[in-house]
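The values are calculated or read from the model by the stated rules, or taken from the named source; none is laboratory data. Treat the numbers as computed from the prediction; the structure is a model and nothing was measured. Cβ atoms come from the backbone with ideal geometry, glycine included; neighbour counts cover every protein chain shown. Calculation scope for accessible area: heavy atoms of the full protein, side chains included, ligands and nucleic acids excluded. Shrake-Rupley method; radii C 1.70, N 1.55, O 1.52, S 1.80 Å.
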Amino acid sequence: MEDMPVPLDQALAEVRELLLAPGLTRAVAAGRRRGHTPSVTRAQVRPVTLKSGTKLQIVTDDGARPFTRNVAPGDEAAAALDELLAEPFGNWHVETDSATIQVRITKKGDAQVHRAATTAARPAPEQGHDRTKQWLLDPGDPLFEVIGGNAAKRRQIDAFLRALAATLPEQLPEPLRVVDLGCGNAYLTFAAYRYLAARGAQVQVVGVDVREDQRVRNTAVAERLGCAEQVTFVAGTIEDAELPFAPDLVLALHACDTATDQALARAVRWEARWVLAAPCCHHDIAAQLKNAKTPFPYGETTRHAILRERFADVLTDSLRAGLLRLNGYRVDVVEFVDSAHTPRNLLLRARRTGAAPTPEQQAEYDEMTGQWGVTPALATMLVS
Ligand SMILES: C[S@@+](CC[C@H](N)C(=O)[O-])C[C@H]1O[C@@H](n2cnc3c(N)ncnc32)[C@H](O)[C@@H]1O
């Protein structure tokens with residue numbers, strides 16, 4: 001329902017009240033009033049529940065880079081919001097659990113207010129970590145404006161960030177150095193950066209891909225997002241691209257075939273503290289199984305091409321997990337995105353403990369490779 005224009009102060013007082021009320025879902029201020037320029041191009045406000053309690057998260061964007069801060073409810077939030085409300089934005093959009101209100105400042109400096117009940121099924125407010133509909137990276141994050149983001153992509157990013165969140169400790173090293181090996185168009189690289197930066201971490205990220213065109217494109221995206229100093233790109237191979245640091249966290253997401261093994265081998269050599277690897281296609285062990293003698297009585301598993309391929313996938317990732325364990329990592333293998341989104345949905349999650357392998361672990365690995373007559377690419381890489 002569109003009302004007659006109302007005095008601006010009255011409309012902003014209503015916006016302020018909603019921003020400070022418990023039912024707030026999200027608010028965005030953007031645009032500019034005639035003859036004025038706000039100090040930021042856009043501001044977004046939403047409640048977040050952090051380990052330290054509920055905060056109001058304010059993300060402002062000065063056109064070059066987004067800036068995130070989390071303010072405590074009460075006086076701190078009120079002061080920060082008053083600053084924002086004093087900016088000459090052209091419009092405010094506020095969503096609460098019961099209503100949406102849109103305020104547009106007219107050329108005459110009055111406010112045109114549009115109110116609607118919140119009816120559409122929308123994600124629950126992005127609060128507690130136990131809410132099933134909570135996004136770890138706000139769907140309103142500037143990243144999605146740059147990379148584009150349909151619902152499936154947002155879900156994939158969210159699933160990846162959940163795996164990342166579950167891997168890292170609460171207290172992150174300062175700085176946290178991250179490499180994404182085989183980063184492709186880097187939307188997961190940027191998502192990791194945006195999520196970690198929003199957690200308050202001081203993050204340095206390098207994306208590696210063999211394609212120079214990806215380096216150029218991704219660097220331009222980093223500039224648009226205002227994080228070109230923190231997120232850089234190298235055109236080079238996973239096996240020997242030169243990095244400015246030895247990373248704490250290694251990401252290798254859907255790097256083809258043995259490129260995943262190259263990434264794991266480098267992570268082990270770097271003694272990276274955390275590794276997240278989502279394998280892609282698996283040809284190495286599949287080819288070896290075709291030529292090796294299948295141990296009795298498992299003939300049926302390799303007799304049929306489709307079963308042999310699927311079994312090769314399982315054997316490859318089992319051996320990768322085993323080799324990481326033998327090299328001082330604790331490993332979980334989890335499903336990372338729902339298989340409806342992609343069949344490549346396995347994630348190896350490893351945390352370095354530095355523990356030496358037990359004789360049983362070594363014997364299990366030796367027996368498994370011996371019986372199946374295979375030598376995983378990763379094993380060869382780790383000894384070379
Ligand atoms: C399937 S894409 C995955 C991209 C991204 N990680 C993701 O999950 O959206 C695999 C990428 O790895 C790169 N790649 C494959 N083998 C590589 C290697 N040995 N060294 C560097 N990059 C490699 C390819 O150029 C491609 O961009």
Checklist entry - Can you find a residue in the range 228-241 that is within 8 Å of the ligand (Cβ to nearest atom), open to solvent by 40 Å² or more (accessible area, probe 1.4 Å) and part of a loop (DSSP other than H, G, I, E, B)? => result yes
Item to check | Output for the range 144-164, where each listed residue is within 26 Å of residue 350 (Cβ to Cβ) and open to solvent by less than 30 Å² (accessible area, probe 1.4 Å) | outcome: 156, 157, 158, 159, 160, 161, 163, 164
Checklist outcome for this item: Only one of 73, 88, 38 is within 25 Å of residue 134 (Cα to Cα) and not in a strand (DSSP E or B), namely 73
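Matching residues to (1) crowded, with 24+ Cβ neighbours inside 10 Å; (2) within 16 Å of the ligand (Cβ to nearest atom); (3) more than 22 Å from residue 169 (Cβ to Cβ):
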| position | (1), (2), (3) |
| --- | --- |
| 183 | yes, yes, yes |
| 189 | yes, yes, no |
| 192 | yes, yes, no |
| 212 | no, yes, yes |
Checklist entry - Of all the residues that make up the range 79-88, how many are under 12 Å from residue 45 (Cβ atoms) and surrounded by 15 or more Cβ atoms within 10 Å (Cβ to Cβ)? => result 4
Item to check | Identity of the residue in the range 89-106, closer than 14 Å to residue 27 by Cα and hydrophobic (A, V, I, L, M, F, W, C), that ends up surrounded by the most Cβ atoms within 10 Å (Cβ to Cβ) | outcome: 92
Next on the checklist: For the range 246-352, give me every one of the helices (runs of 4 or more DSSP H) that falls completely inside it and has 2 or more residues that are buried (at least 18 other Cβ atoms within 10 Å of the Cβ) and within 15 Å of the ligand (Cβ to nearest atom).
Outcome noted: 259-270
Checklist entry - Can residue 205 be described as in contact with a Ser or Thr (Cβ under 7 Å, 6 or more places away or on another chain) and assigned to a strand (DSSP E or B)? => result yes
Checklist entry - What are the residue pairs meeting all of these: first residue in the range 158-187, first residue part of a loop (DSSP other than H, G, I, E, B), second residue open to solvent by less than 50 Å² (accessible area, probe 1.4 Å) and more than 13 Å from the ligand (Cβ to nearest atom), Cβ atoms under 7 Å, and 6 or more apart or on different chains? => result 168/274; 172/201; 173/248; 175/203; 186/221
Checklist entry - Among the numbered criteria (1) open to solvent by less than 40 Å² (accessible area, probe 1.4 Å); (2) more than 12 Å from the ligand (Cβ to nearest atom), which single criterion is violated by residue 224? => result (1)
Next on the checklist: Scan the range 109-126 and tell me whether some residue there is at pLDDT 90 or above and either closer than 27 Å to residue 330 by Cβ or part of a helix (DSSP H, G or I) (or both).
Outcome noted: no
